[in-house]
Every structure is written in C-alpha cells, then in structure tokens.
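Taking it in order: structure first as structure tokens, then the write-up.
The values are calculated or read from the model by the stated rules, or taken from the named source; none is laboratory data. The structure displayed is predicted, hence computed values, not measured ones. As a convention, Cβ positions derive from the backbone with ideal geometry for all residues, glycine included, and neighbour counts pool all protein chains shown. Just so you know, the surface numbers come from the protein's heavy atoms only, side chains and all, with ligands and any DNA or RNA stripped out. Shrake-Rupley method; radii C 1.70, N 1.55, O 1.52, S 1.80 Å.
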Amino acid sequence: MSGRGENGGGGAPEERQPMTTGMQSPKGRWWIPAHRSEKVWFAIAFAWCMVLFAMMPLWHWKGGQNPSGIRRKVEPAAFEARVNQFVADYQVGELNGFPVVEPPPGSDIYMIGRMWSWYPVLKLRKGTEYTLHLSSKDVNHGFSLYPVNINFQIVPGYDYGLRIVPTEAGDFGVICNEFCGVGHHMMLGKVLVTNEDGTMPGERTASAEVQ
Ligand SMILES: [Cu+2]
C-alpha cells in the first residue's frame, strides 16, 4: 500500500466512519498523468485566453469600430421630449411624412427609435462634427447605418451619444437590425449628408466616420 492510501494519516478508515460518506478514495496514483503535448496545448490555450483578455481593454481604445460613446440614463419620455424640441427648433422640410431636421454645426442632434420608425430625418453637413444622441422609446432597437456598416444597440432608458463627422455626402438609410415586433422589417430612417456648401450630391456614395 502506498503512503497516499493512508488518507493523510488520519487513522484507520473504520475509526473515521461517522465523519465520511462511506466512500473511500482510490488508493495509489489512480489518475493518468498529463502527456507533454496536453500540457503544451493547455499552455497555448491559457496564453491565448490572456491575449484575448488583454485585447478587451486594448481594443476599446485602439479599435476603430468601437467608438467610446457617451452613455447616460434618460427617461424615454424625456428623451422623446428632447427630440420633439430638436425637431421644432431646426426643421427645414418633410420627407415621406417625416420632418427633415438640419441642425447647426457642432450641435447635439437626436434620433429616436420607436416601433417602428427612426425619427426624425437628419440633414447633416459633410466635414462637420455633431454629437448624435440615440435612444429608444419602447424596446431594444438596432441602429444600422446603410450602406455604411455602422451598428449600435439602442436601448430604452439610455442616451447613447456619439461624436460623428460625416465624411461623405449622400443619402444614407437607417435600418433596425434588432427584432422589435411585427413592424420590424419596415423600421426605416434616413440621414442626408450635404456637401460642405449645403447642396446634396446627385448620386449616393457611402462612407462615414464615427469617432
Ligand atoms: Cu427592429
């Protein structure tokens, strides 16, 4: 019998019977030692986990696709009131029944997602910085700028602020990419980006930059 079989020198099993479940541990070295290649693979997997762990904070700052937004809590009704005030202040027209809003450069601009539309239509100027505030009135929506591949989760109760500079003039669509009910597939919005002189280009091109 090996030394391990003594169970740490606590006396004979019979004496300890009331303190155990009655199950006896196997005697001797009952496990199969890890093979060298298994150890190597474990080390590689562990090292890779550490790399990915370090990437999380690193990518937050370095990754161009991870904008550091400004997040604040907001009552959905309060956000909607802000959007309505924004529309009242800067509306310049109407498109498909939605107000077209042209805010001054550098201002805070608003778009609300609600079942099932993005409101209002934004008219922005190329090369101008804005702080875009996004929120939802009701359920989770997915803000997806088309055809530029920019996506954000829009959650009721949270004001998600993004500093944006449109880098290309054109006509951009906003679709919802988070299923939000029977009208989800019809949930569309629009962002118009004018040239620096305020004119709309004749054709649609695609690019925008989120800082
Ligand atoms: Cu949706």
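Based on Cα atoms of the range 35-77, Rg over Rh with Rh as the Kirkwood radius reads 1.37. Within the assembled protein chains, the solvent-accessible surface assigned to L188 is about 100 Å², based on a 1.4 Å probe.
A simple spin-label model places the labels of M200 and R29 7.9 nm from each other, with each point 7 Å out along Cα-to-Cβ.
Computed over the Cα atoms of the range 44-203, pair by distinct pair, the Kirkwood hydrodynamic radius stands at 16.7 angstrom. Working from label points 7 Å from Cα in the Cα-to-Cβ sense, the V51 to Q91 distance is 5.5 nm. Note on F53: accessible area is roughly 130 Å² with a 1.4 Å probe, heavy atoms of protein only. On the principal axes of its alpha-carbon atoms, the range 123-183 has extents of 35, 22, 17 Å, going from largest to smallest.
Taking only the alpha-carbon atoms of the range 79-160, what semi-axes of the equivalent ellipsoid follow from 5 times the gyration tensor eigenvalues under a square root, in whole Å, largest first? Spell out each step's value before the answer.
On the way: eigenvalues 71, 46, 34 Å².
For the range 79-160, the ellipsoid semi-axes come out as 19, 15, 13 Å.
For the pair the range 151-167 and the range 34-51, the centres of their Cα atoms are 40 angstrom apart.
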